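Chemist: Before I ask anything, let me first share the structure, which is written out below as structure tokens.
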Amino acid sequence: MGLTAESIPVLALWSAPRSRSTAFARMMTERKDRVVVHEPFSQVVDFGEVNVGGQVVRSEQGVLAALRGIAAERPVFFKDTTDFRYPAVLADQGFLAGATHTFIIRHPAEAIASHHALNPSLGREEVGFARLFEIFAAVQAATGVTPVVIDSEDLLDRPNETVRAYCAAVGIPFLPQALTWQPGMRSEWRATSRWHASTSATAGFQHGSGSGSGGGGGASRAQAVRAVWADPVLRAYCDYHLPYYEKLRAAALRP
């Protein structure tokens with residue numbers, strides 16, 4: 001399949017874990033203008049199977065085929081996290097070049113603090129920024145274009161401006177009404193509900209709504225980050241991933 005032969009109406013958001021990607025996906029659901037698929041690649045690795053648009057698939061290749069199948073009927077948005085590596089995605093040059101791949105970032109110290117609170121056995125690679133940059137670089141190589149990156153801190157500080165800039169960069173209309181929503185745990189989150197509790201309590205992008213995907217700020221966040229710096233293992237994780245974050249941050253939109 002040639003790189004220019006396939007154009008796939010799939011918009012992807014890739015994220016290291018605990019970088020507020022679920023809140024962004026919640027906003028995309030509120031738009032109601034495309035099918036939204038929640039973490040299909042990480043779930044198929046973690047659980048051995050995942051439901052993608054009503055179809056149960058059991059491999060990365062199956063997810064790729066299911067996303068293409070949905071996109072043949074309606075535009076698709078999916079978000080996924082890089083606590084795992086996805087070799088089938090990295091090998092699928094048609095998908096890398098034909099879909100629109102975007103990225104959301106958060107400072108690794110904050111992401112690690114939030115991740116470690118939920119997963120005390122967190123390993124270095126699960127932090128995910130090195131794998132996130134690997135996908136970014138693969139998309140850049142396949143397309144010849146620097147992919148869209150947003151910083152989740154901008155999303156919390158300037159949600160309207162950040163989402164407007166994102167929409168302009170990926171060629172979709174800006175729908176300001178989608179920036180607020182009804183709180184609640186969505187059905188697609190239930191398999192991994194403890195990871196999405198903070199987002200389920202939110203009604204929009206805001207500081208102070210928890211330290212995970214939905215928000216996070218103030219003294220509790222600062223205290224968690226200090227704990228990362230004070231822990232030799234977590235500090236080493238942060239030092240390892242920080243250069244990848246900085247490369248992605250250098251490409252981020254400036255709303």
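The values are calculated or read from the model by the stated rules, or taken from the named source; none is laboratory data. The structure presented is a predicted model; accordingly, all values stated were derived computationally and were not measured. Reconstructed Cβ throughout: ideal geometry from the backbone, glycine too, with neighbour counts over all protein chains shown. The area values use the complete protein model at the heavy-atom level, side chains included, leaving out ligands, DNA and RNA. Shrake-Rupley method; radii C 1.70, N 1.55, O 1.52, S 1.80 Å.
Chemist: Pairs please, first residue from segment 128-145 and open to solvent by 20 Å² or more (accessible area, probe 1.4 Å), second anywhere and at pLDDT 95 or above and small (Gly, Ala, Ser), Cβ atoms under 8 Å, 6+ apart in sequence or on different chains.
Modeler: Arg131/Ala16; Thr143/Ala97
Chemist: Further question on the same structure: The conditions are (1) loosely packed, with under 15 Cβ neighbours inside 10 Å; (2) in contact (Cβ under 8 Å) with a residue 24 or more places away in the chain, and Thr202 fails exactly one of them. Which is it?
Modeler: (1)
Chemist: What's the number of the condition Ser121 fails, among (1) more than 25 Å from Trp229 (Cβ to Cβ); (2) open to solvent by 50 Å² or more (accessible area, probe 1.4 Å)?
Modeler: (1)
Chemist: Restricting to segment 38-71, name every residue that is open to solvent by less than 60 Å² (accessible area, probe 1.4 Å) and hydrophobic (A, V, I, L, M, F, W, C).
Modeler: Within segment 38-71, Phe41, Val44, Val50, Val52, Val57, Val63, Leu64, Ala66, Leu67, Ile70, Ala71 qualify.
Chemist: Could you check segment 147-170 and list, in sequence order, the residues that are closer than 15 Å to Leu11 by Cα and touching a helix residue (DSSP H, G or I) at 6+ places or on another chain (Cβ under 6 Å)?
Modeler: Pro147, Val148, Val149, Ile150
Chemist: Those residues that are touching a residue at least 60 places away in the same chain (Cβ under 8 Å), of a type in the set (A, V, I, L, M, F, W, C) and in a helix (DSSP H, G or I), I need them from segment 10-59; list them, please.
Modeler: Correct list: Ala23, Phe24, Met27, Met28, Phe47.
Chemist: Are there any helices (runs of 4 or more DSSP H) wholly within segment 60-158 with 1 or more residues that are of a type in the set (Ser, Thr, Tyr), and if so which?
Modeler: Details: elements: 60-71, 87-91, 93-98, 108-118, 129-143, 152-157.
Ranges flagged: 108-118, 129-143, 152-157.
Chemist: Does any residue of segment 160-180 turn out to be open to solvent by less than 10 Å² (accessible area, probe 1.4 Å) and either β-branched (Val, Ile, Thr) or in a loop (DSSP other than H, G, I, E, B) (or both)?
Modeler: Step one: filter segment 160-180 for residues open to solvent by less than 10 Å² (accessible area, probe 1.4 Å), giving 162-163, 166-167, 178.
From what is left, the residues that are either β-branched (Val, Ile, Thr) or in a loop (DSSP other than H, G, I, E, B) (or both) are 162-163.
Checked against the condition, which is being open to solvent by less than 10 Å² (accessible area, probe 1.4 Å) and either β-branched (Val, Ile, Thr) or in a loop (DSSP other than H, G, I, E, B) (or both), segment 160-180 yields at least one hit.
Chemist: Just the residues that are touching a residue at least 40 places away in the same chain (Cβ under 8 Å) and open to solvent by 30 Å² or more (accessible area, probe 1.4 Å), please, taken from segment 181-199. It would help to see each step written out before you state the result.
Modeler: Our first condition is that a residue be touching a residue at least 40 places away in the same chain (Cβ under 8 Å); within segment 181-199, this holds for 181, 186, 188-189, 191-192, 194-196, 199.
Arg186, Glu188, Ala191, Arg194, Trp195, listed by residue number.
Chemist: Would you say Ser7 is under 11 Å from the mean Cα position of the chain (by Cα) and either at pLDDT 95 or above or surrounded by fewer than 24 Cβ atoms within 10 Å (Cβ to Cβ) (or both)? Spell out the reasoning first.
Modeler: Numbers: under 11 Å from the mean Cα position of the chain (by Cα): no; either at pLDDT 95 or above or surrounded by fewer than 24 Cβ atoms within 10 Å (Cβ to Cβ) (or both): yes.
Answer is no for this residue.
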